[in-house]
Amino acid sequence: MWMRRELRHLAMARRNSLTTVIADVWDKAKHLREAAEEEERHVCKAWKISSQVVRPETTTTATMAPPLPTSILLLLAVAFTVAAATATSPTAPEDGIRVVSAEKRIDLTGPIVKVYLTLKVHNPATGSDASHVLIAFTPLEAQHLAIVKATRAEGKRKKKVYVPLPVEPVDLAANAPDGARLYSVSLSAPLRPSETTTMEVFYVLTHSLEPFPAEITQSESQLVYYRDSALLLSPYHVLEQVTYVKMPSNRVESFTRVDPTARSGPEVKYGTYKDQLPYAYSPILVHHENNHPFAVVEELVRKVEISHWGNVQVTEQYKLKHGGARHKGVFSRLEYQSRQSISGASSFKNLLARLPPRVHSVYYRDEIGNISSSNLRTDSHKSELEFEPRYPLFGGWHCTFTIGYGMPLQDFLFESEDGRRFANLTFGCPLLNTVVDDLTIKIVLPEGSKSPQAVVPFLTEQHLETSYSYLDVVGRTTVVLKKKNVVGEHNVPFQVYYEFNPVFMLAEPLMLISAALLFFVACIAYLHMDLSIGKSQAS
């Protein structure tokens, strides 16, 4: 489909060139002029004959409008041809900038695809100030796109710094061919005519490595497909570009060749390609070995309970699966333990979670009970929990477990300038090299909290609910955040602001004191009451 689109754009560009348009206009104008002259002769002849005919039944004579001049017909033909050429040509970006050079590096060394893109963008002297730059993705890439980041290089040499730039999707589907998805990178300062700037774009694709074969035995290695383009998909003209594809090992079964193509060990180079049209696309397919464990968290529910009595309790419930090639045949524990370097090369039996510093009361369990195969390393800067499931995970296998821990309140709860409290927490999943399909974070605020507000640096689904715990009367306000397709780059701080009156901290102690007081009063009343039944005395 993309090859047909490329050929169609190339035909469009040639047809819509200035020479072709002028030739088409001239030919159409010539034919219209000849037809108009012929029609004019016929009309004049009819006009002359009709003027000589006398109609006795009426006293008025009918008049016919004179024909349109040839010049007007010529102008209409020119306007029609230019309008048709404009309508059929692809819409070019309004700023008219060009990509002088583009370097695309695709990292396939892990279970998640990471792409690093360096763009040198130039605004021609005839253009206007450009406040944004567009980047394009195919429909398949847009479906698996987890995060997009962009920076702009400012300064020279040793004083060069990279300034983060906001990236937002734009609704230009009607102008982008074949459903390409466009994202807008807002520049920190407008790019003036005749200026050039360098941008660094980074994005992550999940579930983009397709296992082939789809099923393997315990002793076989895992092979995967990756599909992309040797050319950069861009809404601008690209003057020069090159693409690098890096794989985890030297075992490359096959790869598409688009001359010039060169391979050096685990890396394949496509290019250099020059003077490519907008939305150019040349599909490639890379078939290589990738034995990294494809850890996919189908669902993660994290519950963070904030108590102003000095503790933050976190509970994380995982539904984990191996998203690689499905295991077929019989599993042999003896072979797996005796030949670990060969048997089950793509499986995994341990995971590493990076937790906040100074955690305490850490536990790891599943439906059966506590799992003792874990190791916790903690200090004042970081905490790492290395643990093993009850059994090694092969492709298609699932497991569920729960991790819980406590954190000191003073490390995460602060007070803002306007008097509100806010909790500074970390988004994302603590497990390394994992993809979370569905993430839910519940922040349970103390009872009596009002006006909660979550500030997250990216788009999430948010709503409020009420949770109940021990000694609660009206319930606790809970902020619920949901996001799909979460990767390690989403592990960034976020804040939850709320208003809290310290008087509510006395509610639970007063409730306990009141309950104890009522108990003692009831005991005293019971001891002073005589409930025995005695004989009545005779009068």
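The values are calculated or read from the model by the stated rules, or taken from the named source; none is laboratory data. Keep in mind the model is a prediction, meaning the values are calculated, not measured. Neighbour counts run over all protein chains shown; Cβ positions are idealised from the backbone, glycine included. These area figures cover heavy atoms from the full protein model, side chains too; ligands, DNA and RNA do not enter into them. Shrake-Rupley method; radii C 1.70, N 1.55, O 1.52, S 1.80 Å.
With respect to Pro283, is the statement that it is open to solvent by less than 10 Å² (accessible area, probe 1.4 Å) and not assigned by TED's automatic domain parsing to the domain that holds Ser383 true? Answer is no for this residue.
The number of residues in the range 416-432 being part of a loop (DSSP other than H, G, I, E, B), closer than 26 Å to Tyr468 by Cβ and open to solvent by less than 20 Å² (accessible area, probe 1.4 Å) comes to 1.
Give Val330, Val304 a once-over and let me know the one that is outside the structural domain of Leu108 (by TED's automatic domain parsing), of a type in the set (Val, Ile, Thr) and surrounded by fewer than 17 Cβ atoms within 10 Å (Cβ to Cβ).
Val330
Conditions tested, residue by residue: (1) touching a helix residue (DSSP H, G or I) at 6+ places or on another chain (Cβ under 8 Å); (2) modelled with pLDDT of 85 or more; (3) among the hydrophobic types (A, V, I, L, M, F, W, C).
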{"site": "Ala79", "(1), (2), (3)": "no, no, yes"}
{"site": "Ala83", "(1), (2), (3)": "no, no, yes"}
{"site": "Thr86", "(1), (2), (3)": "no, no, no"}
{"site": "Thr91", "(1), (2), (3)": "no, no, no"}
{"site": "Asp107", "(1), (2), (3)": "no, yes, no"}
{"site": "Pro111", "(1), (2), (3)": "no, yes, no"}
{"site": "Lys114", "(1), (2), (3)": "no, yes, no"}
{"site": "Ser131", "(1), (2), (3)": "no, yes, no"}
{"site": "Ala136", "(1), (2), (3)": "no, yes, yes"}
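For the range 195-211, residues that are among the charged types (D, E, K, R) and either within 17 Å of Tyr183 (Cα to Cα) or not assigned by TED's automatic domain parsing to the domain that holds Gln143 (or both) total 1. Checking each residue in the range 155-172 for being surrounded by fewer than 12 Cβ atoms within 10 Å (Cβ to Cβ) and outside any strand (DSSP E or B) picks out Gly155, Lys156, Arg157, Lys158, Lys159, Lys160, Asp171.
Do you know which residues across the range 244-259 are open to solvent by less than 60 Å² (accessible area, probe 1.4 Å) and not polar (S, T, N, Q)? Those that are open to solvent by less than 60 Å² (accessible area, probe 1.4 Å) and not polar (S, T, N, Q): Tyr244, Val245, Met247, Pro248, Val252, Phe255, Val258.
Results for (1) among the β-branched types (Val, Ile, Thr); (2) surrounded by fewer than 14 Cβ atoms within 10 Å (Cβ to Cβ), shown as yes or no for each residue.
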site: Pro177; (1), (2): no, no
site: Ser188; (1), (2): no, yes
site: Glu200; (1), (2): no, no
site: Tyr203; (1), (2): no, no
site: Pro211; (1), (2): no, no
site: Ile216; (1), (2): yes, no
site: Gln222; (1), (2): no, no
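Would you confirm, using the coordinates I've provided, whether Phe212 is within 17 Å of Thr118 (Cα to Cα) and not β-branched (Val, Ile, Thr)? Here the answer is no, as Phe212 does not meet what is asked. Going through (1) at negative phi; (2) free of Cβ contacts under 8 Å to residues at least 60 places away in the same chain; (3) not hydrophobic (A, V, I, L, M, F, W, C) one by one, Arg358 falls short only on (1). Residue count for the range 198-224 under the criterion of being within 25 Å of the chain's Cα centre (by Cα), assigned to a strand (DSSP E or B) and in contact (Cβ under 8 Å) with a residue 24 or more places away in the chain: the result is 10.
The test for being aromatic (Phe, Trp, Tyr), open to solvent by less than 40 Å² (accessible area, probe 1.4 Å) and on the phi > 0 side of the Ramachandran plot does not hold for Tyr270.
Tell me whether the range 268-275 contains one or more residues that are β-branched (Val, Ile, Thr) and farther than 30 Å from Val480 by Cα.
yes
Could you say whether any residue in the range 241-251 is more than 24 Å from the chain's Cα centre (by Cα), in the same structural domain as Ala150 (by TED's automatic domain parsing) and free of Cβ contacts under 8 Å to residues at least 40 places away in the same chain? Looking for residues that are more than 24 Å from the chain's Cα centre (by Cα), in the same structural domain as Ala150 (by TED's automatic domain parsing) and free of Cβ contacts under 8 Å to residues at least 40 places away in the same chain, one finds at least one in the range 241-251, hence yes. Residues in the range 363-390 that are free of Cβ contacts under 8 Å to residues at least 12 places away in the same chain and either closer than 18 Å to Ser347 by Cα or outside any loop (DSSP other than H, G, I, E, B) (or both): Asn370, Arg377.
The criterion of being of a type in the set (A, V, I, L, M), farther than 30 Å from Glu289 by Cα and under 21 Å from the mean Cα position of the chain (by Cα) holds for Leu165. Residues that are under 32 Å from the mean Cα position of the chain (by Cα), open to solvent by less than 20 Å² (accessible area, probe 1.4 Å) and closer than 28 Å to Ile112 by Cβ do occur in the range 364-380. Scan the range 342-356 and give yes if some residue there is surrounded by fewer than 18 Cβ atoms within 10 Å (Cβ to Cβ), part of a strand (DSSP E or B) and not assigned by TED's automatic domain parsing to the domain that holds Glu210, otherwise no. The answer is yes, given that some residue of the range 342-356 is surrounded by fewer than 18 Cβ atoms within 10 Å (Cβ to Cβ), part of a strand (DSSP E or B) and not assigned by TED's automatic domain parsing to the domain that holds Glu210. The residue that is modelled with the lowest pLDDT, counting only those in the range 338-358 that are in contact with a Leu (Cβ under 8 Å, 6 or more places away or on another chain) and not aliphatic (A, V, I, L, M), is Lys349. Total residues in the range 108-149 satisfying the condition of being of a type outside the set (Val, Ile, Thr), open to solvent by 30 Å² or more (accessible area, probe 1.4 Å) and assigned to a strand (DSSP E or B): the figure is 7.
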